[in-house]
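One structure is given here, and the rest of the page talks about it.
The values are calculated or read from the model by the stated rules, or taken from the named source; none is laboratory data. Nothing here was measured: the structure is a model prediction, and the numbers come from that model. Positions of Cβ are generated from backbone atoms using ideal geometry, with glycine treated the same way; all protein chains shown enter the neighbour counts. The accessibility values were calculated without ligands, DNA or RNA, using every heavy atom of the protein model including side chains. Shrake-Rupley method; radii C 1.70, N 1.55, O 1.52, S 1.80 Å.
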Amino acid sequence: MHLELQSELEAAFQRVLASGSYILGPEVEAFEAEFAAYCGARYCVGVGNGLDALQLILRGYGIGAGDEVIVPANTFIATWLAVSHAGAKPVPVEPLAATFNLDPQRIAAAITPRTKAIMAVHLYGQPADMDAINAVARQHGLKVIEDAAQAHGARYKGRRAGNLGNAAGFSFYPGKNLGALGDGGAITTNDAQLADQLRALRNYGSRTKYHHELKGFNSRLDELQAALLRVKLRHLDAWNAARQQLALAYLDGLAASGLVLPVVPPWASPVWHLFVVRTARRDALQQHLAQAGIGTLVHYPIPPHLQPAYADAGFQSGDFPIAEQLHREVLSLPMYPQLAPAALQRVIAMVTVIANKVKQSMTSSAVAKMRLQ
């Protein structure tokens, strides 16, 4: 990806180097305007990373100690950490197994008088069912925050992620669909008051130099990263389209593999940050694929409620069985816009062969065990 854009990226670097402006300068301002327009939102506020984006949204809305925030039980831990760092309590809700995303039908049962917001994650680049989530939020007077860290450009009923709730947090970690060459993040919103508050919070609580109205943070999108992101933003739709074609090929080619494949609702247009399959023999499949020279990853092996970081919350194995099963079974196959057609077909062929061998091995083992009994 970076080799393709080398001349454009180098030109952006030289532009920043020559400008003498390296913090909250014209590149950040320009990127904020361009990314807000891309998402269909009125405002964008660049921050240091995706975790800060989510935490600062909560703080901007005054959500903190004594408050609760609904979060998915199935997500990367950053979603939960944002709530914890804001001083509030993450309250997990099970996902829909088919889509990996928050189950709107389970949210109401988790709401208490202390609940202030719902944080919906567009996991793996597929949008959550935002109309249903927003309906629950309106009924209970809650804010809706999108964790859109993996969903740059994803659409829900024609509208892009980042414009589907009260505010959205994005990550520009290098591996994202829109990634910087280092850490970076942004918040999009249509709420003018929130945007103004966030600009102060990210900059030591200051709107005017050396005048500090709030106990703020140092969480500013770097001027250089903003310039590089501006280059990449121009290519994002083409990259996402390439990912979508790869996903269609995977769905077609792996139909006979015996794996549980991703399900895309008719209202969703995912950007396939990850292509995630499921199997009860995940570890064996991953090991055999590695031996065949095919790299895979597990996003994520341990759900947040079972991480040592949340041992003090009192959760136990079995508390969220759907999320726990997903974390035992998920496997991410190679997915990036530059994946060559021949390489893709080799992955599909090897995954199909190895998945069926692993399945047959499991069946033979079960039969042998029954005979011994």
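Can you tell me the relative contact order of the chain? Whole percent, Cα pairs under 8 Å, sequence separation 6 or more.
Dividing the mean separation by the residue count of the chain yields 19 percent.
At 7 Å along the Cα-to-beta-carbon direction for both Lys157 and Ala132, put a label point, then send me their distance in nm to one decimal.
Between Lys157 and Ala132, the simple spin-label model gives 1.3 nm.
Calculate for the chain the 222 nm mean residue ellipticity that helices alone would give, adding -39,500 (n - 2.57) per DSSP H run of length 4 or more and normalising by residue count, nearest 500 deg cm²/dmol.
Rounded to the nearest 500, the figure is -12500 deg cm²/dmol.
Tell me, what is the 1.4 Å probe accessible area of Phe172, in Å² to the nearest 10?
0
How far is helix 236-253 tilted off the main Cα axis of the chain, in degrees rounded to 10, range 0 to 90?
Around 10 degrees separate the two axes.
What nm value, rounded to one decimal, do you get for the distance between Arg207 and His140 when each label is placed 7 Å out toward the C-beta?
Rounded to a tenth, the inter-label distance reads 3.3 nm.
If eta is 0.692 mPa s and T is 37 °C, what Stokes-Einstein diffusion coefficient results for the chain, Kirkwood Rh from Cα pairs, in µm²/s?
For the chosen part, D equals 151 µm²/s.
Quick check for me: using +1 on Lys/Arg Cβ and -1 on Asp/Glu Cβ, what's the dipole size of region 12-94 about its Cα centre, in debye to the nearest 20?
Rounded to the nearest 20 debye, it is 80 debye.
For region 13-141, what's the relative contact order in percent, using C-alpha pairs closer than 8 Å and at least 6 residues apart?
19
If the chain between Leu248 and Met350 were fully stretched, how many nm would it gain, using 0.36 nm times the residue separation less the Cα-Cα distance?
Extra length available between Leu248 and Met350 comes to 35.0 nm.
What number results when the radius of gyration of region 110-232, computed over Cα atoms, is divided by 2.2 N^0.38 Å?
Compared with the compact-globule rule of thumb, region 110-232 sits at 1.16.
Quick check for the chain: number of Lys pairs with alpha-carbon distance under 22 Å, counting only pairs 8 or more apart or on different chains?
Number of lysine pairs found: 9.
Compute the long axis of helix 6-19 from its Cα atoms, compare it with the longest principal axis of the Cα atoms of the chain, and write down the angle in degrees, 0 to 90, nearest 10.
The two axes meet at around 20 degrees.
Starting from 0 in steps of 5 Å, tell me what percent of the Cα-Cα pairs of region 1-65 lands in each bin.
P(r) for region 1-65, in whole percents per bin: 4, 14, 15, 19, 21, 15, 7, 4, 2, 0.
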